[in-house]
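Take a look at the structure below.
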């Protein structure tokens, strides 16, 4: 499942933004309010995610976000990947 930039306007209290890019990528900009955890750490830290929340995941273009969601879903965590990733967010913000 995916989510879109338009959903940022109506996040619910149970939703959390999760940026799975590298720290170097995040240094160039993030979606405000997002927690940051590189995709290569998701599996080892999956137990730290609350099953009470839905995680709206994003990376640069969407591929790593898909991988992160697959890992989280195997642990029973609800998540969706941003269609188009951070590039879609930048494009929407600039447009």
What is the range 3-53 by shape, rounded, prolate or oblate, if you read a ≥ b ≥ c off the alpha carbon gyration tensor as root eigenvalues and call it rounded for a/c under 1.5, prolate for a/b larger than b/c, and oblate otherwise? oblate
Using every pair of alpha-carbon atoms in the chain, split the distances into 5 Å bins beginning at 0 and state the percent of pairs per bin, rounded to integers. 3, 15, 28, 27, 18, 7, 2, 0
Please compute the contact order of the chain in relative form: average sequence separation of alpha-carbon pairs under 8 Å and at least six residues apart, divided by the residue count, as a percent. 33
Could you list 59, 26 in order of exposure, starting from the residue whose Cβ has the fewest other Cβ atoms within 10 Å? 26, 59
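Throughout, read-outs are computed from the coordinates displayed, never taken from laboratory work. What you see is a predicted model, and the numbers here were worked out from it, not measured in a lab. Heads up, the Cβs are rebuilt from the backbone with ideal geometry, glycines too, and the neighbour counts pull from every protein chain shown.
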